[in-house]
1. How many of the residues making up segment B:151-201 are within 14 Å of another protein chain (Cβ to nearest Cβ) and either over 20 Å from residue B:314 (Cα atoms) or free of Cβ contacts under 8 Å to residues at least 24 places away in the same chain (or both)?
2. Restricting segment B:83-127 to residues that are farther than 27 Å from residue A:125 by Cβ and out of contact with any Phe, Trp or Tyr (no Cβ under 9 Å at 6 or more places or on another chain), which is surrounded by the fewest Cβ atoms within 10 Å (Cβ to Cβ)?
3. Taking segment B:290-306, which residues are in contact (Cβ under 8 Å) with a residue 40 or more places away in the chain and either polar (S, T, N, Q) or within 19 Å of residue B:229 (Cα to Cα) (or both)?
4. The conditions are (1) within 14 Å of another protein chain (Cβ to nearest Cβ); (2) under 30 Å from residue B:219 (Cα atoms); (3) modelled with pLDDT under 95, and residue B:6 fails exactly one of them. Which is it?
5. If a residue must be in contact (Cβ under 8 Å) with a residue 40 or more places away in the chain and more than 11 Å from every other protein chain (Cβ to nearest Cβ), how many such residues does segment B:31-47 contain?
6. Residues being at pLDDT below 95 and part of a loop (DSSP other than H, G, I, E, B): count how many of those fall in segment A:114-138.
7. Out of A:339, A:313, which single residue is at negative phi, surrounded by 17 or more Cβ atoms within 10 Å (Cβ to Cβ) and under 19 Å from the mean Cα position of the chain (by Cα)?
8. Looking at (1) at pLDDT 95 or above; (2) in contact with an Asp or Glu (Cβ under 8 Å, 6 or more places away or on another chain); (3) surrounded by fewer than 16 Cβ atoms within 10 Å (Cβ to Cβ), can you tell me which one residue A:280 breaks?
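The values are calculated or read from the model by the stated rules, or taken from the named source; none is laboratory data. The model shown is predicted, which means the values in this text are computed figures rather than measured ones. When we count neighbours, we look across all protein chains shown, and the Cβ atoms used for this are built from the backbone with ideal geometry, even at glycine.
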Protein chains: 2
Amino acid sequence: MTAVEPMPSATKAPELLARGRDLVEPSLRNVLSRLDDHTRLIASYHFGWCDTDGRPMTGSSGKAIRPGLTLLVAEAVCGTPEPGIPGGVAVELVHNFSLIHDDLMDRDTRRRHRRTVWSVWGDATAILVGDALACLADEVLDECDSPYAARAGHALAVATRELIRGQVLDLAFEQRDDVGMDECVDMALGKTGSLLGASAELGAILAGADPAVCEEFRSYGRELGLAFQLVDDLLGIWGEPEKTGKPVFSDLRAHKKTLPVVWSLEYGGTYGQELADWLAKPGVPSEDDVQRAAVLVERAGGREWALAEAGERVRRAGRALYLAGVDAAGRAPFDELSRFVAERQL
Amino acid sequence: MTAVEPMPSATKAPELLARGRDLVEPSLRNVLSRLDDHTRLIASYHFGWCDTDGRPMTGSSGKAIRPGLTLLVAEAVCGTPEPGIPGGVAVELVHNFSLIHDDLMDRDTRRRHRRTVWSVWGDATAILVGDALACLADEVLDECDSPYAARAGHALAVATRELIRGQVLDLAFEQRDDVGMDECVDMALGKTGSLLGASAELGAILAGADPAVCEEFRSYGRELGLAFQLVDDLLGIWGEPEKTGKPVFSDLRAHKKTLPVVWSLEYGGTYGQELADWLAKPGVPSEDDVQRAAVLVERAGGREWALAEAGERVRRAGRALYLAGVDAAGRAPFDELSRFVAERQL
């Protein structure tokens, strides 16, 4: 394994991610051109490349953390990000397939400050566009000129199924009031850890790393994914609306059983009990009520725990990197990415 | 290529299909065991293996034409159906993924004389169970111990995308009154031809046939698929409710632009014009009205055309078999299958 210096042009996380997007986007646009006109327009809208009428736009097409990670790992393994490109395209396609389906299932009307696909074109179209992106992900990997294509395809299929399992658990939790921490972490590892794990793993696989090294990169991505989810959960309660695109306390208002909430219920003593009573109350809570619930999570220690746990997960990610053989010189861009994930918008 | 005698135990289509089901079902059950309990229960219900509470049932789990075809082709190519088994499992998984999503999109409440997944467990669950089956299809092919696994995976991904494109067109047609025959055939080749094409193609690929032979088997499956769709469209108008599980004239009542209807509109002269006027009328048609529309399709020649066209597609399928190198001795089971598809329940 070749340890590489971080490229001078990409030492900070935003530049790393932008570089990843630049390398992946041409292939991504190319593969989307296989879709029929209607499906392609909608996929392009979802990626932020055009408006609902197909007029080209430049705008946010998401952070592209997953392809960025794939390319970074490929570069760490073999000295150049190129072999990771099909992997980056595939994980970005799977990620967006899951976003389109999740927005529909959760009936979310906004994403990246724009209307969601189902809310513009209807349920059936959202299902089909999502399904089509998932197919394209398979095609990209099957077609890539790599002796490791089949292994990469298998890793992605397993991760995608894990991602779906996470969403199954998430939906089931909505109907339950006895969700424990273990299953909540399991759900988050499925929903967020699995695909970030696969993003790193695919970079390693396609760059020709040994299976044991690929597995460590997968662990790195999964731990980073859990840190990402913990921060996401904090932002879902205390995030600034102009940055998150969602109203403050939105996850509490929706009674979501996120990690800091479930931790508070389990370990938060009397504050946790009070929070459980609050969650059990039927009807739409008032703004004062929601604010009170946020205070309960804070007093129960859920906020502090989530912050500390995100840090712990970043440390575990670092340990996996070490075991994967990334040396001190090669670590800088990974550390940048970890910091970006753990400290974003907080 | 080895020409094989039809096995004495499977010379008739129902026996051929039952044999296919028997060979594929153990692997299918095995791969479904990877799913979480909730998702597995629902998938098992959909396959007809249990009731909504998970109590084992023996019942109709569909005709299993696709895996039957995969195994038949594998046997024709290499003398034994075994190499085709992972392909049979994969096409059956993709077929059922598409059924679960299609039932939701079409808001159909009954399938195989039972309630559909979305109508029992809701939209989100139907989306997720379908997505999970699609992932399992990839996994099965990626894992199979075959030097042709990657080619098979690619062929299936392309066919699945074609299938989705067919459904996109089908939904778009509902909003249009200018659908022409060419695009209607294109839609049917997508919705029904693509996966039957891949079912045959995967059998050939996994049995080690040359690419040109695989392509002929794909053509065979696509033509058979169009014949299947034409018969399905006839059954959707004139089928006996106790056999189809749907009320008589159901497709007409739903104003579906099926092949015989579109043919009648385009080539049916004054009857076609009358049918167009009927379709343009808003509101729910009366029973007399629907019966009148069926008479119009018949007088316009749509019924006769669809029957003749189904026969023509079966002939083209036979020609593809010949080009694939299936000799007279090996043809018998394929002819049985064609007859089964073209003459079922008419």
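1. 29
2. B:113
3. Step one: list which residues in segment B:290-306 are in contact (Cβ under 8 Å) with a residue 40 or more places away in the chain, which gives B:290-291, B:293-294, B:297, B:302-303, B:305-306.
Across segment B:290-306, the qualifying residues are B:291, B:294, B:297, B:302, B:303, B:305, B:306.
4. Unmet condition: (1).
5. So the count comes out to 5.
6. 0
7. Values: A:339 fails: surrounded by 17 or more Cβ atoms within 10 Å (Cβ to Cβ).
Exactly one residue qualifies, and that residue is A:313.
8. In the conditions (1) at pLDDT 95 or above; (2) in contact with an Asp or Glu (Cβ under 8 Å, 6 or more places away or on another chain); (3) surrounded by fewer than 16 Cβ atoms within 10 Å (Cβ to Cβ), residue A:280 misses (1) alone.
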